[in-house]
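To start, the structure itself, in structure tokens.
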Amino acid sequence: MSSERIRKGYEYAKEVYAAYGVDVDAAIERIDAIPVSMHCWQGDDVIGFEGTGSLTGGIQTTGNYPGRARTAEELRGDIDFAMTMIPGETKLNLHASYAEKHGKDIDRDQYTIAEFQNWADWAKAKGIGMDFNPTFFSHPMVKDNLTLSSPDEAVRAYWIRHAVACRRIAAYFARELGTHCLCNIWIPDGYKDVPADRLSPRLRLRDSLDQIFAEPLPGVIDSVESKFFGIGLEAYTVGSSEFYANYAATHPGVYNLMDSGHYHPEESIADKIPAQLAFYDKLPLHVTRPMHWDSDHVVTLTDDLRGIADEIVRCNACDKALIGLDFFDGSINRVAAWVIGTRNMQKALLLALLTPHQALAELQDSCRFTELLTLQEEYKSLPWGEVWAEYCRRQDVPENEKWLSAVQQYERQVLAERK
Ligand code: RNT
Ligand code: ZN
């Protein structure tokens, strides 16, 4: 579309929204300030650069699309390129398994900023913040699918050391980049079949977490991520929802990260947001698209996604939400996957910002439910696409699927060279 047509469409949308009391310029300004943390692991199928070459821990990437990033330079190049098609504020969410060891033989429990300096320099040059994750999978010290809850004290101590090292690296990122760093703990620990003892692993995990979080680290926001089950770990997950919710509730400064793919498919993730916000000043999220038994499909503009964005906006939690993406698809162009998923998160936020939530809440409070349902449904067809197009124009990124031809060119010129 020409800028002239985008401008005209925007003027029209402005008028339509103004009739509902919605200020579209303000919505554009607000969305531009909400950072979405892009996960590095979409670019290489969660393999990392430590040389392990495979993914374990009850998660799996499927697909053999050519062009997987094999080095940190390639991955940073792909992320740089993806970010040219994404409007607004972004962060990078990095896993410890993306360490650059520079030929040294150094294990995860000994990592320091030296292994992540390139990432920090890269983020600094781009002017973006970073989030960080210790990696408790794809490693020989994961014994029988156990890490922080292992009955083997050597295994447990190893993973505690790893997490302690990672929190210090996260503190460095926060200091260097001038913005907080979410340091999220997700462990695969669990059992394939019905366990004989469900309590002891959880008590060991609690003790491990207490040791990990003992050191106060300014700039680090700590979170723990629960899961319902993993692949091959169907019967029991040590870090369940109740376990971490209670852990966070009793440990100020530790937050309960909700991954939208880690609950029963019939549970509403959106509904969990205000429940958390009634107690916490931060809301860390992994946004993904669950399908049947697993999470991790590319985020699309579903009602579930819109529900999440709506709650963030109407609970006044744009400053509290720490929105991270978490999907991995190796069956399509990986750069395109990032662009599609991240733009959809932003579209959902924009849609939420364009909804007259106050007016709807007033209808609820006065029990005018027929009007409420009517407006909720009619609002769905307001011309938000015109506002999105104008936002993209202002950000100098393609407003529609035009970005795909750039990705296809990148595929021919860059990705095709990776054999
Ligand atoms: C796994 C968790 C976790 C991972 C990443 C790679 O089920 O969602 O967040 O996806 O840490
Ligand atoms: Zn997750």
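The values are calculated or read from the model by the stated rules, or taken from the named source; none is laboratory data. What you see is a predicted model, and the numbers here were worked out from it, not measured in a lab. Heads up, the Cβs are rebuilt from the backbone with ideal geometry, glycines too, and the neighbour counts pull from every protein chain shown. Surface accessibility is based on the protein's heavy atoms, side chains included, excluding ligands, DNA and RNA. Shrake-Rupley method; radii C 1.70, N 1.55, O 1.52, S 1.80 Å.
Here are a few things to note about the model shown:
- Selection status of ILE212, of a type outside the set (Lys, Arg), farther than 29 Å from ASP310 by Cβ, more than 14 Å from ligand 2 (Cβ to nearest atom) and touching a residue at least 24 places away in the same chain (Cβ under 8 Å): yes
- Residue count, the stretch 27-57 (criterion: within 19 Å of ALA348 (Cα to Cα) and free of Cβ contacts under 8 Å to residues at least 40 places away in the same chain): 1
Residue by residue, here is whether (1) without any contact (Cβ under 8 Å) to a residue 12 or more places away in the chain; (2) within 15 Å of ligand 1 (Cβ to nearest atom) holds:
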position: LEU199; (1), (2): yes, no
position: ARG204; (1), (2): no, no
position: ASP207; (1), (2): yes, no
position: GLU234; (1), (2): no, yes
position: TYR263; (1), (2): no, yes
position: GLU267; (1), (2): yes, no
position: PHE279; (1), (2): no, no
position: MET291; (1), (2): yes, yes
position: SER295; (1), (2): no, yes
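- Members of the stretch 22-67 that are outside any helix (DSSP H, G or I) and touching a helix residue (DSSP H, G or I) at 6+ places or on another chain (Cβ under 7 Å): ILE34, VAL36, MET38, ASP44, GLY48, PHE49, GLU50, TYR65, PRO66, GLY67
- Count of the stretch 75-114 residues, restricted to those that are polar (S, T, N, Q), under 17 Å from the mean Cα position of the chain (by Cα) and over 13 Å from MET38 (Cβ atoms), is 1.
- Restricted to the stretch 250-261, and to residues there that are more than 16 Å from ligand 1 (Cβ to nearest atom) and over 16 Å from LEU322 (Cα atoms), the residue that is surrounded by the most Cβ atoms within 10 Å (Cβ to Cβ) is HIS251.
- Checking each residue in the stretch 158-179 for being open to solvent by less than 40 Å² (accessible area, probe 1.4 Å) and under 23 Å from PHE243 (Cα atoms) picks out TYR158, TRP159, ILE160, HIS162, ALA163, VAL164, CYS166, ARG167.
- Complete set of residues in the stretch 124-140 that are more than 17 Å from GLY51 (Cα to Cα), surrounded by 15 or more Cβ atoms within 10 Å (Cβ to Cβ) and more than 16 Å from ligand 2 (Cβ to nearest atom): LYS124, LYS126, ILE128, GLY129, MET130
- Taking the stretch 109-123 as the range and being under 12 Å from ILE169 (Cα atoms), in contact (Cβ under 8 Å) with a residue 24 or more places away in the chain and either basic (Lys, Arg) or open to solvent by 50 Å² or more (accessible area, probe 1.4 Å) (or both) as the test, the residues that pass are GLN110, THR112.
- The set of residues in the stretch 209-232 that are more than 16 Å from ligand 1 (Cβ to nearest atom) and aromatic (Phe, Trp, Tyr) contains only PHE213.
- Positions within the stretch 291-319 being open to solvent by 60 Å² or more (accessible area, probe 1.4 Å), modelled with pLDDT of 95 or more and farther than 23 Å from GLN376 by Cβ, in sequence order: HIS297, ASP319
- Note on the stretch 180-231: residues that are of a type in the set (Ser, Thr, Tyr) and surrounded by fewer than 16 Cβ atoms within 10 Å (Cβ to Cβ) total 1.
- Qualifying residue in the stretch 36-55 (condition: within 16 Å of ligand 2 (Cβ to nearest atom), at pLDDT below 95 and not acidic (Asp, Glu)): yes
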